[in-house]
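Some notes on the structure that comes next.
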Amino acid sequence: MTGESIVEAQHFFAHDVPRQSQREMLSDGIISLRDGGFLLAAAPTGIGKTAAALASALEVTNFYNKNPTVPKIIFLTGRQSQHRIVVETVKQINSKLPAGLPQIQLVDIIGREGMCEVIDKSTGKCGCEEDVAESARKSRRADLCEFILSSPKHVDQTVKEGRARKICAWATARSAVRDAHILVCDYNHIFVESVRDSSLPVMGIELENSILIVDEAHNLPDRIRSGLERRITERIFQRALSDVEEYKESLQKTERQLDLPPSKSLEDAVLLEKQIKSLRDDGNLRRWFERKTSENRDSKGDDIRIDTGEFLGLVASAIESIDQDGTTDWIGRVRMMNSRLHSVIIEDDDDIDEDEQNDCTRLAEILEICIRYRESTALALVFDNELDEPRVTSHLLDPSVVGSPIFNECAGSILMSGTLFPPTMYSEILGIPEENSSCKEYLSNFPPENRPILIAGDVTSKFTERERSYSSIRDHIRGVLEGTKGNVAVFSPSYAMMERVLNDTSDWTFGKSIESESRRMTKRAIERMIASMYERRHMGGETVLFGVLSGKLSEGIDYSENILNAVVCVGLPLPPPSARQDALLEYYSGRFGRSKAWKYASLQPAVNSVLQALGRPIRKKEDRAIVVLLERRLLENRVADCLPKSMQTIQTSGPHRTAERVKRFFEMN
């Protein structure tokens, strides 16, 4: 790329002077996007990847030429904190634009539940505009739309303003996207089909005319997989029947009150009731669940893989005798039943957990997924008896079946993360066109002496050697806790290991308060925990956080203000044996070959979990913290090859040596 192009792009750069890595990423982004291509950027924290990605995309769109075909820039992120960073970055860009260039317009949205106060699931409407006349509604929406586009607003500002005006912030923000240059939203708007089909047309977005910026892109494969993960238990049929009966009775009551003849909806509800009763009472289905329960208990693991076609065939057979308007095709029978299941709407029960609501939709969704992938090896159905209840779960093995069509259709993309490593692996897993993609690793701007990384050569979490290592693991942690002046985070490979470490170290935390993660911790509880750590430091106190690798505390939280002074990562969080993991290894072996299968399915994701955790304490150039990795396998060639080549590490031979290095680090800093 010419130097002239970089100068032009700096019109859209949020800072005065780009750092070297930013300059490289800015150049690579423009080159890739101009050809409708893809940049996969392994960009460490602190190089300013958000500013570089936005500047690249804005330069390529030429939005200031007022061309009606100017691409939309869709910034995809799963974190509220990143929403704010994008909004503030665009504000900075606008403040630096030369005279004569129009201001960049941005819309920031989250899910409807987060923007509307109350949503009536029986009608699909919210109460945001209750008692507002139609003429006033149009005027207020127009005013709110103007407010949103006047300058970049975080979604919280939009929601607050919408409630003050008694107007729906969610609906207004979606309509404002048509006139915006940048949309900031969650991955789901692009990578979940049902959300994409319902949201993009309303917002006037065409995927083929959109540039995608995917933040924290190392999470994208699992986010795509989770979009097709559904779980049902044997009791699904009884619970769905209860929902159908409630829905049918509601229709009957309404039609009696209005003196109406039986509607098509009521006829469908009566037929659906018969179908679900047949499923509940079917002897073949009941015996199948019993047989799979027995097979699972006899197996060496906790779960078994089941045949998708067999499961669908049992469902289709159970409803075969119910009138289906002459439909003889078994797939057609199941799909017609699914359509009726989706029509069932029941009143919300505040005493029921959200995950337990409307089992009709739950049943329909897993059956639809099974039908779509019934002849594909990319989907695995797994049976287990967790909590002593037979359960079936759908697992998408190959994110590229969702990702590849999207990336082939869009106008180009930048995928970036501090742990998008190696970027070529993510390119292959997501199905990004190889001939038009650029995979780059950028150097960190942080002085390595500000974050020394120690790797212990005497301990491991490897299952066969874990017990022999445990006393040394405990002593390493004790040395870090004793020598650290400030807050410490200790991340373990599992909750069981975390609880053991917590119990064994709680008597000698050297005056530090203890906070620990739990399996089902809410976002609000996490926020309270982190806030209390900041408050405690303000009062002169110190904290030790206990969490798990790939958990809520080790990923996705911005520990600002150098709040963490030391991080300890225990072991390597390789996935435990399971039917799902076996299916993934088998699938990847067929797609990538055996040499890559283990790395892509198990080893690299585990290493990247460690990389995510060790990146938590250093968020800007001036921050200082020490990192201790308690896993000797990280020194082995095949595992060390999974680490960034630029990462400098120091081997520590034992707990005493670790304690000395930690003490010296804080004496020097």
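The values are calculated or read from the model by the stated rules, or taken from the named source; none is laboratory data. Fair warning: this is a prediction, and the values are worked out from it, not measured in the lab. Positions of Cβ are generated from backbone atoms using ideal geometry, with glycine treated the same way; all protein chains shown enter the neighbour counts.
Can you tell which of Glu428, Glu441, Glu386 is within 24 Å of Gly48 (Cα to Cα) and of a type in the set (D, E, K, R)? Sole residue among the options that is within 24 Å of Gly48 (Cα to Cα) and of a type in the set (D, E, K, R): Glu441. Scanning segment 28-52 for residues that are in contact with a helix residue (DSSP H, G or I) (Cβ under 6 Å, 6 or more places away or on another chain) and either part of a helix (DSSP H, G or I) or on the phi > 0 side of the Ramachandran plot (or both) turns up Gly29, Ile30, Leu33, Arg34, Gly48, Thr50, Ala51, Ala52.
Could you please let me know if Leu635 is touching a Cys at 6+ places or on another chain (Cβ under 9 Å) and at pLDDT 95 or above?
Working: touching a Cys at 6+ places or on another chain (Cβ under 9 Å): no; at pLDDT 95 or above: yes.
No: the conditions fail for Leu635.
For segment 374-391, the tally of residues that are under 16 Å from Arg580 (Cβ atoms) and in contact with a helix residue (DSSP H, G or I) (Cβ under 7 Å, 6 or more places away or on another chain) stands at 9. Each residue in segment 564-583 was checked for being under 22 Å from Arg661 (Cβ atoms) and out of contact with any Phe, Trp or Tyr (no Cβ under 6 Å at 6 or more places or on another chain), and 8 pass.
For segment 348-362: of the residues being among the charged types (D, E, K, R) and farther than 22 Å from Leu314 by Cβ, which is modelled with the highest pLDDT?
Going through segment 348-362, the residues among the charged types (D, E, K, R) turn out to be 348-351, 353-356, 359, 362.
Filter again for farther than 22 Å from Leu314 by Cβ, leaving 348-351, 353-356.
Values: Asp348: 57, Asp349: 49, Asp350: 44, Asp351: 42, Asp353: 43, Glu354: 44, Asp355: 44, Glu356: 49.
Among them, the one singled out is Asp348.
Results for (1) touching a Lys or Arg at 6+ places or on another chain (Cβ under 9 Å); (2) more than 30 Å from Ile346 (Cα to Cα); (3) hydrophobic (A, V, I, L, M, F, W, C), shown as yes or no for each residue.
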position: Arg362; (1), (2), (3): yes, no, no
position: Ile366; (1), (2), (3): yes, no, yes
position: Val382; (1), (2), (3): yes, no, yes
position: Leu387; (1), (2), (3): no, no, yes
position: Ser394; (1), (2), (3): yes, no, no
position: Pro399; (1), (2), (3): yes, yes, no
position: Pro405; (1), (2), (3): no, yes, no
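Every residue, every condition in (1) assigned to a strand (DSSP E or B); (2) of a type in the set (Phe, Trp, Tyr); (3) surrounded by fewer than 16 Cβ atoms within 10 Å (Cβ to Cβ); (4) outside the structural domain of Asn608 (by TED's automatic domain parsing), yes or no:
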residue: Tyr470; (1), (2), (3), (4): no, yes, no, no
residue: Arg478; (1), (2), (3), (4): no, no, no, no
residue: Ala489; (1), (2), (3), (4): yes, no, no, no
residue: Asp504; (1), (2), (3), (4): no, no, yes, no
residue: Val567; (1), (2), (3), (4): yes, no, no, no
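For Lys153, indicate whether it is charged (D, E, K, R), at pLDDT 95 or above and assigned to a loop (DSSP other than H, G, I, E, B). Write out each step before concluding.
Working: charged (D, E, K, R): yes; at pLDDT 95 or above: yes; assigned to a loop (DSSP other than H, G, I, E, B): yes.
Yes.
When residues in segment 491-502 are screened for being surrounded by fewer than 17 Cβ atoms within 10 Å (Cβ to Cβ) and more than 27 Å from the chain's Cα centre (by Cα), 1 of them pass.
Return a yes/no flag: does segment 436-451 have any residue that is part of a helix (DSSP H, G or I), of a type in the set (A, V, I, L, M, F, W, C) and at pLDDT below 95. If you could, list the steps in order and put the result at the bottom.
First pass over segment 436-451, keeping only residues part of a helix (DSSP H, G or I): 436, 448-450.
With of a type in the set (A, V, I, L, M, F, W, C) added as a condition, the list becomes none.
Within segment 436-451, not a single residue is part of a helix (DSSP H, G or I), of a type in the set (A, V, I, L, M, F, W, C) and at pLDDT below 95.
Within segment 598-606, not a single residue is out of contact with any Lys or Arg (no Cβ under 9 Å at 6 or more places or on another chain), in a loop (DSSP other than H, G, I, E, B), at pLDDT 95 or above and surrounded by fewer than 19 Cβ atoms within 10 Å (Cβ to Cβ).
Has segment 493-507 got any residue that is in contact with an Asp or Glu (Cβ under 6 Å, 6 or more places away or on another chain) and touching a residue at least 60 places away in the same chain (Cβ under 8 Å)? Walk me through how you get there before you give the answer.
Step one: of segment 493-507, the residues in contact with an Asp or Glu (Cβ under 6 Å, 6 or more places away or on another chain) are none.
No - not one qualifying residue is present in segment 493-507.
Checked against the criterion of being among the basic types (Lys, Arg) and at positive phi, segment 165-172 contains one or more residues that satisfy it.
Residues that are over 28 Å from Ser427 (Cβ atoms) number at least 3 in the following strands (runs of 3 or more DSSP E) confined to segment 171-238: 231-233.
Results for (1) more than 23 Å from Leu40 (Cα to Cα); (2) not assigned by TED's automatic domain parsing to the domain that holds Thr293, shown as yes or no for each residue.
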{"position": "Asp186", "(1), (2)": "no, yes"}
{"position": "Leu200", "(1), (2)": "yes, yes"}
{"position": "Gly204", "(1), (2)": "yes, yes"}
{"position": "Glu208", "(1), (2)": "no, yes"}
{"position": "Ile211", "(1), (2)": "no, yes"}
{"position": "Asp215", "(1), (2)": "no, yes"}
{"position": "Ala240", "(1), (2)": "yes, no"}
{"position": "Glu246", "(1), (2)": "yes, no"}
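Test Lys552 against the criterion of being surrounded by 15 or more Cβ atoms within 10 Å (Cβ to Cβ), basic (Lys, Arg) and assigned by TED's automatic domain parsing to the domain that holds Arg664, and give yes or no. For Lys552, the condition - surrounded by 15 or more Cβ atoms within 10 Å (Cβ to Cβ), basic (Lys, Arg) and assigned by TED's automatic domain parsing to the domain that holds Arg664 - is met. Check segment 572-594 and report whether any residue there is buried (at least 23 other Cβ atoms within 10 Å of the Cβ), within 24 Å of Pro44 (Cβ to Cβ) and in contact (Cβ under 8 Å) with a residue 24 or more places away in the chain. Scanning segment 572-594 turns up at least one residue that is buried (at least 23 other Cβ atoms within 10 Å of the Cβ), within 24 Å of Pro44 (Cβ to Cβ) and in contact (Cβ under 8 Å) with a residue 24 or more places away in the chain.
Among residues that are surrounded by fewer than 21 Cβ atoms within 10 Å (Cβ to Cβ), assigned to a strand (DSSP E or B) and touching a residue at least 40 places away in the same chain (Cβ under 8 Å), Thr424 is not included. Among what's in segment 302-321 and is farther than 20 Å from Leu379 by Cα and surrounded by fewer than 18 Cβ atoms within 10 Å (Cβ to Cβ), pick the residue that is nearest to the chain's Cα centre (by Cα). Across segment 302-321, the extreme among qualifying residues is Ser317. The residue of segment 307-347 that is modelled with the highest pLDDT, among those that are hydroxyl-bearing (Ser, Thr, Tyr) and not in a helix (DSSP H, G or I), is Ser321.
Would segment 232-250 turn up any residue that is surrounded by 14 or more Cβ atoms within 10 Å (Cβ to Cβ), within 30 Å of Ser609 (Cα to Cα) and touching a residue at least 40 places away in the same chain (Cβ under 8 Å)? Among the residues of segment 232-250, at least one is surrounded by 14 or more Cβ atoms within 10 Å (Cβ to Cβ), within 30 Å of Ser609 (Cα to Cα) and touching a residue at least 40 places away in the same chain (Cβ under 8 Å), which makes the answer yes.
Would you mind finding the one in Cys126, Cys116, Cys145 that is without any contact (Cβ under 8 Å) to a residue 60 or more places away in the chain and under 21 Å from Val70 (Cβ atoms)?
On the way: Cys126 fails: under 21 Å from Val70 (Cβ atoms); Cys116 fails: under 21 Å from Val70 (Cβ atoms).
Step by step, each of Cys126, Cys116, Cys145 is checked, and only Cys145 is without any contact (Cβ under 8 Å) to a residue 60 or more places away in the chain and under 21 Å from Val70 (Cβ atoms).
Anything in segment 409-421 that is part of a loop (DSSP other than H, G, I, E, B) and touching a Gly at 6+ places or on another chain (Cβ under 9 Å)? List them, or say none.
First, the residues of segment 409-421 that are part of a loop (DSSP other than H, G, I, E, B): 410-412, 418-421.
Answer for segment 409-421, where residues must be part of a loop (DSSP other than H, G, I, E, B) and touching a Gly at 6+ places or on another chain (Cβ under 9 Å): Cys410, Ala411, Gly412, Gly418, Thr419.
One line per residue, one yes/no per condition, for (1) small (Gly, Ala, Ser); (2) surrounded by 14 or more Cβ atoms within 10 Å (Cβ to Cβ); (3) not in a loop (DSSP other than H, G, I, E, B):
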position	(1), (2), (3)
Phe75	no, yes, yes
Thr89	no, yes, yes
Ser95	yes, no, yes
Ile104	no, yes, no
Val107	no, yes, yes
Glu117	no, yes, no
Cys128	no, yes, no
Val132	no, yes, no
Arg140	no, yes, yes
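Looking at Lys292, Lys277, just one residue is in contact with a strand residue (DSSP E or B) (Cβ under 7 Å, 6 or more places away or on another chain), modelled with pLDDT of 95 or more and charged (D, E, K, R), and that residue is Lys292.
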